[in-house]
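Below: one structure, written as structure tokens.
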Amino acid sequence: MKTFKGGIHPPEEKQLVKDNPIVDFPLSSRYHVLVQQHLGAPAKPVVKAGDEVRKGQVLSEPLGFVSVPVHAPTSGRVKEIGRIVHPVTGLLAPCVVIDADGRDEWAEGLPMERDPFAMSRDELLDAIKTAGVVGMGGATFPTHVKLSPPKDKTIDTFIVNGAECEPYLSSDHRLMLEQPERVLKGAGVVMKILGLDRATIAIEANKPDAIKLMREKAPAEIQVEALKVKYPQGAEKQLINALTGREVPSGGLPMDVGAVVQNAGTCAAVWDACARGIPLIERITSVTGRGIVQPKNIRVRVGTLLREVIEFSGGLNGAAKIIFGGPMMGIAQFTQDIAIMKGTSGVLVLREEDTNITDYSACISCGRCVEACPMGLIPSTLSKLGEKGMWQKAKENNLLDCVECGSCTYVSPANRPIVHFVKHLKALSRAASAKK
Amino acid sequence: MKNISASNPAEDPAREQATKLSVYVSSSPHVHSTEDVPWIMRQVIYALIPGALVGVYFFGIPALKVIAVAVVSCVVMEVLWQKLTGNPITVKDGSAVLTGLLLAMNLPSGAPWWLVVIGSLVAIIIAKQLFGGIGNNPFNPALVGRVFLLISFPVAMTTWPEPRSFFSQAADATTGATPLGALKTAIFEHGTIAAAPGMNLMDPFLGNVGGSLGEISALALILGGIYLIARKIITWHIPVVYIATVAVFTGILWLINPEGYASPSFHLVAGGLMLGAFFMATDMVTSPITNTGKVVFAAGCGVITVVIRLWGGYPEGVSFAILIMNAFVPLINRATRPTKFGAVR
Amino acid sequence: MISSILLLGGIGFLAALILGISAVTFAVKMDPREKAVLDQLPGANCGACGFAGCAAFAHEITVNPEAEMACPAVNEEALQAMSEILGRSLGGSAPLIACIRCKGSPAETTNRYGYVGPRDCRAAQIVAGGSKGCQYGCLGLGTCEEVCPFGAIIMGEDGLPHVIESLCTGCGKCVSACPRGIIQLIPRTGNYIVGCISRDTAKEMKPLCKVGCIKCGICADVCPFDAITVSKTTSAVIDQDKCRRCGLCVSACPTGVISALRVPQKARIIAEKCKGCSICEQVCPAEAISGKVKEPYFVNEGKCIGCGLCIEKCPSDAIERIIS
Amino acid sequence: MYYILLIVGAALVNNFVLARFLGICPFMGVSKSIDTAVGMSMAVIFVMTLATFVTWLINFYLLIPFELQYLQTIAFILVIASLVQLVEMIIQRVSPPLYQALGIFLPLITTNCAVLGVAILNIQLGHSLLDACIFAVGAALGFGLALVIFAGMREDFELNNIPEAFRGTPIALVTAGILSLAFMGFSGLVK
């Protein structure tokens, strides 16, 4: 089975939630829609307190090409442009607070019916941008940017990422099982945009039902590839490497080796945006972990408070850590008063015994991190440099090639927070170059 | 940054607060493998038990005493040092116990208690704590302890009690020579290995020979080593390459001149090669970090071992070879950096 | 005897001759500044600067304007000379001192969560923005202490850093290291500092910190010199140029967030010099000076606030500072 | 074979730094980074061989004929010092890259007792001119080897948490001591 070099085998823990069908999260009375939900240039709110908004209406306009709008998740009245803790930075960030009117009325002209395959490439890209589609695996990079490679890059490979290598999470898995058409048709639209006549759907072998279903449903030009179960199989560079044998050059992007990767959930969102004009206002999220009473896969509106999601899932049970995303790359949260974002692929609640809060000790140079690193780095050296804050030397040791997948940190017997040290060094390096 | 090593939750206000808040926040990842440093150290200690048992079987109570003194004094030294310097106490990681056990296994069973204590002092304080404690020592502490003793107290360190069954320990313990020592003497006095007494392979394989109390039984050590490899504590690279280098090197010379050089099989089972290859050279802290580096390191150990054994003044070269190669580790690590993903070729 | 003298002399002469000739033949042009810098260096080639000898060090600091003149063996004079040669400033402006602008020890403040990770404020800050409830307050992990090259900052029992005045050189390393920006360099002559930079309103601050600046404005009101500014969203700031170190703000502050670096020095009139002109009495904002015209005046130490206005105005240099 | 043993003997068994304790000053001073250590080693190899060559000639063609062996030390120092200066100047002019690589270290070597040591040892051991030069190469190789491995270790020490009192030279001396112990394993290798 195809795979890459390095990587780890953490317990999958998918059984907690993988067989639970997606359930719709009921309409809330209030939504907190963060203005900035994507990587890139900021967006600016275009509504003000007291405005009536309809479901799908634009709440903020993008400032720049690498930016997307956000939309109202339901109809109602804008209470205020408030501030709420941003799940990524942990600091207060602007959000549009909407009091739902309960009617859940679509904005004018939505949803529409149109044939994406009759549209031009530019029309499709515009539809994707207007709908605010971003990478839904968690990175939240604007999708239309990823689908507009510069002219000098020839794209010959399109991969639909259904690997879902993060332990615990099953949102892509459920999506592929329950709505395979959305994924496949979305993939078709992306192929049209890229001008390709074939694509590959990559799924880790621990989802045999999804592989089987996809093989049945997929048209001839879309090939379904089973991948070895290994973390981080779903990381873009590793995925391309496993399927094509190509290595994205250091400091480069997938398009440098002619590849584009889109998450399965993003493909579904692309379909909605292009065929029905529906903006990205809801997503499928796995609410799971042993710290949650009833793990569920939910279809939830962007802007729903975490507190409500947890209540809906039966409440907490000895929670020690609440994470947006998966256990390997997700972001720990300290409050339940935060809102679900476009990139929230999972809400993971870990008990103290499932997570890791013991302190770290000196590196014993066992070399496990070197074995585990999918990027061919020496994480132990980076962690030692991190302890001393020596970012220049760390850069000589390929600091900037680290993708922060967490494999090294998972295996470190001395429990060293290597990823944290790497983030720290990168921040120091950024601060130093900002000064110049 | 201060308090690099584990800080005590009770002394750490941030942590104390955390237990009250019930929600922790840290950088990703949020899950961790169950294998930690104490677990690794325990596995190595388990793997050493067969070798130690054979030593106790053949050398009796004195061997047990040496082991006990070494382990206890190493632990005490570490605690004392960390108390005196105001650092967190880290004996719970088991590394001091392991150092003590390894040191004991590198000593003759007749070593007096004070000798063992001096060895522990050198191993723990000079070779380990002065460099910053666990993880920071460039040299294998147990070997530094042993080599220090060997050079400072050559007589006490080369008085090898004769092995005998545990159940027939007599008061008048006699002393003899190690197989390698006998070999060296034979070559030195007669110029040929033919004069070396009793060069059978079975005794050193099982352990019925003179020598350091932990090195005598190749079989027990190989069993322990296989356990370590099976548990993935160590990789095969260092032991296999080390042993293979010794075998090939001595084998070539033996084929050229069987009168002047002992057979490779003898060199493999005699002396401390198995102990060194499986337990001393594989010490994670003092061996290279990449597998390529480990191969280079082990080959170097093998060559130096044979050079010292065959042509040097000392009959045994394993300890010296590993210490010398320890010094090369930083250079090897630099030379054998893995190719990064996406490196421009 | 003769032969030995001849021999050694001969070898020496020959060597000198060869060296002399080759010094001319093989002369290499060199940046004159580099040579001048090299002349100032001790020439011991000790390697303590991290370079291979004095020449390499001289080359580096000549070529690279960013390189630190970090020769530990060079004296003040030579350092001065070197900076003149290289046209660098030694930072000769008013001496500065670092001040910690947060008084929120763990006992006075709340935490948002339990932080697990490296004990470095900068590292802690990048995980969810730091664990302290107040997003402006000191994280207390001692990074400033760690980066201070002079050991001038120590983490106190209260979990906050403290600057040791005599050791601080005002180099500013701590200022750039602090992710919260709570360390400020003030002129060494300055004495009072507001220990809070929070932009939170009093209401927002209440659950987070008991000792922050609540923006009440009392300090600005009591300040006789208009040296303090404060607004709803900025903590009080003392203009060190206007401040006359009277210390009225310290006693007026309801949360005790303003503190003194050292005890204020009060004024004393030297009776022999005083001509009894009464100017001091007129300028004193605290009515602490009294006396009769043409007779020596005296200072009421209990009332004196140590502002030093009288010292400045006295035409006959009759007033000095004392430590009370 | 004899020459190999000569080199091995001088480089490993009687390593100038680790067994004879000569040249400790540059060993400590120039072992902070591998690059400078390599440069220094190259310079030492060069100077040691050249100095040995010249001093041997001086000894056998000047000092002995005039029965002035008691002036050996002074004469050697004089010659070595001027030689090094001369070489430095020539290299600086002729080959700037080489000067960049090792020229800096040349003046340092003047005061390196290992150079004088090897010159005097060569006379004491009664080596022929060729022997003497090979011995010098071996000794310099040994010096370089010790210097480079030492520099590697010291670069790593920067990342370690060595107790404050032992940072820098103290821990370097401890390390050198342990390394010296390890190199004693080679004793008896060459008689």
Peptide C:199-210: average number of partner chain Cβ atoms within 10 Å per residue?
-> 0
Please list, in chain and number order, the residues 5+ apart from A:Leu59 or on another chain whose amide H is under 5 Å from its amide H, with Hs placed from the backbone.
-> A:Val70, A:His71, A:Ala72
Picking from C:Ala107, C:Ala55, C:Ala15, which is most flexible by a Gaussian network model of chain C using Cα springs under 10 Å?
-> C:Ala15
Taking a ≥ b ≥ c as the square roots of the eigenvalues of the Cα gyration tensor of chain A, is the shape rounded (a/c under 1.5), prolate (a/b larger than b/c) or oblate?
-> rounded
Which GluC sites (Glu not before Pro) from segment C:252-321 combine a DSSP loop assignment with at most 14 other Cβ atoms within 10 Å?
-> C:Glu272, C:Glu287, C:Glu301
Partners for A:Lys423 among aspartates and glutamates (Cα-Cα distance below 17 Å; same-chain residues under 8 apart left out) | A:Glu387, A:Glu396, A:Asp401, A:Glu404, C:Asp120
DSSP loop chymotrypsin sites (Phe, Trp or Tyr not before Pro) in segment A:325-409 with at most 15 other Cβ atoms within 10 Å of their Cβ, which ones?
-> none
Round to the nearest 0.05 the FRET efficiency obtained for B:Ser152 and D:Ile24 when R0 = 25 Å and r is the Cβ-Cβ distance.
-> 0.70
Cβ under 14 Å from B:Ile45's Cβ, B:Ile45 left aside: what net charge do those residues give with Lys, Arg +1 and Asp, Glu -1?
-> +1
When a footprinting reagent is the concern and you count Cβ atoms within 10 Å, what order do A:His424, A:His9, A:His71, A:His144 take, fewest first?
-> A:His9, A:His144, A:His71, A:His424
Treating every alpha carbon of segment A:164-247 as one equal point scatterer without solvent, the Debye formula yields log10 I(q)/I(0) values at q = 0.14, 0.19, 0.24 Å⁻¹ of -0.47, -0.89, -1.32
For the pair C:Ala202 and D:Cys113, the simple spin-label estimate (label points 7 Å beyond Cα toward Cβ) gives in nm 7.5 nm
Considering only DSSP states other than H, G, I, E and B, which GluC sites (Glu not before Pro) in segment C:141-246 qualify as loop sites with at most 14 other Cβ atoms within 10 Å?
-> C:Glu157, C:Glu165
For segment A:196-312, what class follows from the C-alpha gyration tensor (a ≥ b ≥ c being the square roots of its eigenvalues): rounded when a/c is under 1.5, otherwise prolate if a/b is larger than b/c, else oblate?
-> prolate
So for the pair A:Asp256, B:Ile61, with labels modelled 7 Å out along Cα→Cβ, what separation do we get in nm?
-> 7.2 nm
Extension gain A:Phe141-A:Glu311, at 0.36 nm per residue separation less the Cα-Cα distance, in nm?
-> 58.2 nm
How large is the dipole of the protein assembly as shown about the Cα centre if only Lys and Arg carry +1 and Asp and Glu carry -1, each at its Cβ, rounded to the nearest 20 debye?
-> 1440 debye
By the C-alpha gyration tensor axes a ≥ b ≥ c (rounded if a/c is under 1.5, else prolate when a/b exceeds b/c, else oblate), the shape of segment B:177-333 is prolate
Residue-span extension gain [A:Asp104 to A:Asp122] - 0.36 nm each, minus C-alpha spacing = 3.4 nm
Simple spin-label estimate for C:Ala16/C:Cys277, 7 Å along Cα→Cβ, in nm, reads 7.1 nm
Can you give the relative contact order of chain B as a percent, counting alpha carbon pairs under 8 Å and 6+ residues apart?
-> 17 percent
Shielding of A:420-430 by partners, i.e. mean partner chain Cβ atoms within 10 Å per residue?
-> 4
Collect residues whose amide H, placed 1.01 Å from N in the peptide plane, falls under 5 Å from the amide H of C:Asn111; neighbours closer than 5 in sequence don't count.
-> C:Gly133
Relative contact order (percent, whole number), chain C, Cα cutoff 8 Å, 6+ residue spacing = 11 percent
Likely footprinting exposure, B:Glu215, A:Glu311, fewest C-beta neighbours within 10 Å first = A:Glu311, B:Glu215
Unpartnered cysteines of chain A (Cβ-Cβ under 4.7 Å counts as a partner)?
-> A:Cys95, A:Cys165, A:Cys267, A:Cys274, A:Cys363, A:Cys366, A:Cys373, A:Cys402, A:Cys405
Using a simple charge model, +1 on the beta-carbon of Lys and Arg, -1 on the beta-carbon of Asp and Glu, nothing else, what dipole does chain C show about its Cα centre, in debye to the nearest 20?
-> 1080 debye
Options A:Ser380, A:His424, A:Val411, ranked by Cα towards positive dipole end of segment A:368-435, top entry (Cβ charges) = A:His424
If the limit is 21 Å between Cα atoms, which of A:Lys384/A:Lys426; A:Lys237/A:Lys296; C:Lys273/C:Lys294; A:Lys2/A:Lys342; A:Lys393/A:Lys435; A:Lys207/A:Lys228 go over it?
-> A:Lys237/A:Lys296; A:Lys2/A:Lys342
What does the average come to when, for each residue of peptide C:7-19, you count the partner chain Cβ atoms lying within 10 Å of its Cβ?
-> 4
Picking from C:Cys284, C:Cys209, C:Ile311, whose Cα lies most toward the positive end of the charge dipole for segment C:208-324 (charges on Cβ: Lys, Arg +1; Asp, Glu -1)?
-> C:Cys209
Using θ = phi - 60° and the Karplus relation 6.51 cos²θ - 1.76 cosθ + 1.60, list the HN-Hα couplings for segment C:255-261 in order, rounded to whole Hz, with x at every Gly or Pro.
-> 9, x, 8, 9, 9, 9, 6
Chain B: calculated mean residue ellipticity at 222 nm from DSSP helix runs of at least 4, using -39500 (n - 2.57) | -17500 deg cm²/dmol
Student exercise, chain B dipole from Lys, Arg, Asp, Glu Cβ charges, in Debye to nearest 20 = 940 debye
Charge dipole of segment B:228-345 about the Cα centre (unit charges at C-beta), most positive-ward option of B:Gly293, B:Ala277, B:Ile304 = B:Gly293
In which sequence would C:Arg244, B:Arg309, A:Arg121 go, from the one with the fewest C-beta neighbours within 10 Å to the one with the most?
-> A:Arg121, C:Arg244, B:Arg309
Mean Cα-pair separation over length for segment B:37-156, i.e. relative contact order, pairs under 8 Å, 6 or more apart, % = 27 percent
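A short reminder: the numbers here are calculations on the coordinates, not readings from a lab. Being a predicted model, the structure only gives us computed values, none of them experimental. Here Cβ is always computed from backbone atoms with ideal geometry, including for glycine, and neighbour counts include all displayed protein chains.
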